[in-house]
Each structure stands twice: as structure tokens, then as C-alpha cells.
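Bear in mind that the values in this text are calculations on the coordinates, not laboratory data. Note that the coordinates shown come from a computational prediction; the quantities given were computed from them, not determined experimentally. Neighbour counts are summed over all protein chains in view; Cβ atoms, including those assigned to glycine, are modelled from backbone coordinates with ideal geometry.
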């Protein structure tokens with residue numbers, strides 16, 4: 001399966017009169033980076049009927065001895081049911097994705113041994129996925145330790161709670177705590193619920209692409225943090241949602257060619273920091289990078305056009321940065337033509353076949369290790385546009401965050417908002 005992550009793509013034929021229409025056809029109000037919230041379907045198909053090769057959990061000899069429970073209710077040391085099992089970075093469990101005949105109905109459930117004296121009739125396993133939307137507030141599960149993410153840019157490279165086995169470029173749960181979903185509160189007339197991706201740079205501050213929100217009423221925007229699998233609520237740490245109180249679009253944003261494609265959203269109240277929700281660091285003004293191990297993330301399509309399918313679980317693609325001179329040269333070989341000039345507000349990444357961001361993930365972050373501290377990540381780009389998806393030697397184009405660092409600082413200082421949350 002060709003794997004792509006989400007990018008808002010445009011036709012961007014700058015020399016033509018219809019360039020704005022071409023961009024609006026991708027980034028218009030009906031654009032989204034996921035049908036995942038508006039067209040729900042089961043994330044895990046019903047298990048295939050077994051012909052005796054595999055006994056389901058709690059059946060046969062396991063009857064009244066084993067039961068399927070959410071992974072965080074099964075102690076990984078003893079494989080016994082506990083109300084609050086000790087799941088942390090040193091006590092992780094393995095979760096296998098794509099099994100033909102799983103023992104439990106949902107991949108985030110574990111076949112777990114009942115403790116002495118317990119009866120399976122007293123326990124309720126998590127029901128299989130349904131087609132109903134997740135509630136905005138969930139309080140029935142323990143929250144993550146808020147002290148684990150004291151600083152910006154902390155990537156949980158091994159994920160939280162469990163290891164994914166058999167994944168295909170899926171990010172681990174909680175791996176990128178700054179990744180956000182920007183949603184429309186009340187979609188009407190065929191509008192999609194999901195607008196774009198974004199990043200958390202302060203407890204109340206979101207960084208995203210101007211093309212995502214410039215024509216959307218601020219009262220119709222909400223932001224979700226801590227999301228991972230968009231079609232289940234079985235994760236131990238719940239996602240959080242907030243409303244947007246204020247929108248700040250760069251005053252020199254040009255929707256016809258996406259110059260200065262940056263915007264800030266100010267929330268009505270701050271997100272609570274957990275192990276799966278934290279801020280990303282920002283680079284210094286005009287800081288330059290030369291990195292091969294950057295990551296783009298999102299829930300977007302795996303290929304361009306109608307045949308592309310949106311991801312259910314957050315995807316990640318590792319890619320190199322491409323210097324602007326080389327990026328401009330590569331893009332001149334496309335339909336943009338030999339006179340195309342890459343605007344100074346852009347930076348580029350990717351260009352590897354079948355590994356790219358793709359339709360629908362505008363506004364999502366591109367992050368790279370901090371050269372002075374490789375364990376910390378800086379956001380160097382905001383997904384903007386590209387030519388095709390995963391075309392060999394054709395990089396994707398991102399808003400250059402380092403170009404806008406001073407602008408971001410000034411806009412927040414004018415509102416009396418502390419900027420220390422994204423300082424390296």
C-alpha cells in the first residue's frame with residue numbers, strides 16, 4: 001500500500017488567471033483532512049470465523065478464567081486484570097495490528113487472566129467500535145501524568161503504554177503530543193467536520209496555516225488535542241477539545257499563491273498538559289536547518305485523487321529537508337514551469353517516492369530535531385502545498401516557521417500571552 005501523509009495540495013499555476021480557483025478547489029471550505037469524523041466506519045472489521053484454529057478469549061478452556069479488557073486494565077507483568085494496571089514507559093505491552101483472527105474484538109483490548117476469585121460475569125470488556133461520534137469530554141479513564149512534559153518539543157519516540165506491532169507508518173500513541181486536529185463545530189451543506197491540522201505552541205495557542213482558517217468563522221472552530229485513533233475512545237488518556245476565542249491571520253497572507261501562510265488560534269481556555277498533550281518548540285528567527293530526519297504527521301490521504309483513503313490512526317513520515325534553491329529547481333521541472341520562483345516564506349521537504357504528505361493535511365507541523373539538543377524537536381514548517389503526492393524528486397512545500405518567529409512573538413505579546421512555552 002502506498003503510504004502518504006496529508007497535505008493540502010494546490011494546482012498553483014502562478015502564471016495563469018485561474019490560479020486562485022485552482023487553490024480554492026483544494027483548500028476551499030469543503031476541504032478536509034479526514035472523512036474520519038464525518039463518515040464513521042468500524043476501525044476493526046469483525047473477526048473472521050475460526051474453524052477451530054484459534055479459540056477466542058474466554059472460550060473453551062479459558063472460560064471464566066480469561067476476559068477481554070482495555071489494555072490499561074491488564075497488568076503487563078502478571079497478565080491479570082487490575083482496575084488500574086501499572087502501564088508506563090518501563091512496563092509496556094505489545095499490541096498487534098492487522099491480525100486475521102484476533103482473540104478480542106478490538107485491537108486495544110487484551111486477553112487477560114482473571115485475578116483469583118474474580119468472575120468474568122462481573123467484568124465488562126470494551127464494546128466493539130460503533131458508528132457514533134466520540135463525546136467531547138471523557139472522564140472515565142485515568143489521565144496521564146502532567147509532569148512528564150515540562151518542556152517543549154518532547155517526542156515520545158517509543159509511544160505511551162504499548163508497542164505497535166505490524167503497523168504501517170502509524171505514529172505511536174502520544175508520540176507527537178503537539179499534533180492537533182482543527183475541526184468545524186457545525187458543518188452544513190456538505191462541509192466536512194475536519195478543517196486542517198495544527199500544532200500546540202502554548203497552552204492556549206495553536207499554530208496552523210492561514211489557508212485553513214482565513215474564511216472560517218472563529219465561532220465555528222474547535223480544536224482537539226491528544227487524538228490518535230479517530231474511530232475509538234479506548235486509549236487510556238482521553239483527547240481534549242477547546243473552542244477558539246480569537247483568530248489571527250498573517251496580514252500579508254495571499255490566498256492566490258499561499259504566501260505568508262501562517263495563522264494563530266487563541267483558545268477560550270488552555271489545554272491541560274498530559275503525557276499525550278504538550279507543546280512543540282519553535283526555531284529562532286531566520287534559523288536555518290540541514291536535516292534528514294524530520295517528521296510530518298497527519299490523518300490525510302495515502303494517495304492523490306478520489307482513490308486516496310484517509311488514515312484512521314495518526315500517520316508519520318520521515319523525510320529530509322530540501323534547500324530552497326534545489327526545491328525551486330525541482331519545481332521548475334513540473335507544470336509550474338521554468339520561470340517559477342519559490343517565495344521566501346516557504347521551505348521544502350521530501351521528494352522521496354511514495355513518501356510524502358498528501359491531500360487534506362494543510363496546517364500540520366513539520367518538525368526536525370534541535371541541532372543543539374537532538375532529543376528535542378522544533379517546528380520548521382507548516383504544510384502548505386505541493387505538486388502531486390510522493391512524486392520522486394518533487395518536494396512538498398511548507399510555510400517556513402523561522403521566517404515568522406518574530407511575527408508570532410509580537411502577536412502574542414500584544415495579547416499579553418507568555419511565549420516561554422515554545423522557547424528552546
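Annotations for the structure displayed:
- Note on residue 409 and residue 115: with the Förster distance fixed at 60 Å, the Cβ-Cβ geometry gives a FRET efficiency of about 0.65.
- Where labels lie 7 Å past Cα in the beta-carbon direction, separation of residue 344 and residue 233 in nm: 5.0 nm
- Residue 392-residue 254 FRET efficiency (beta carbon distance; Förster radius 25 Å; 0.05 resolution): 0.25
- Modelled this way, with points 7 Å down the Cα-to-C-beta line, the labels at residue 329 and residue 186 are 5.4 nm from one another.
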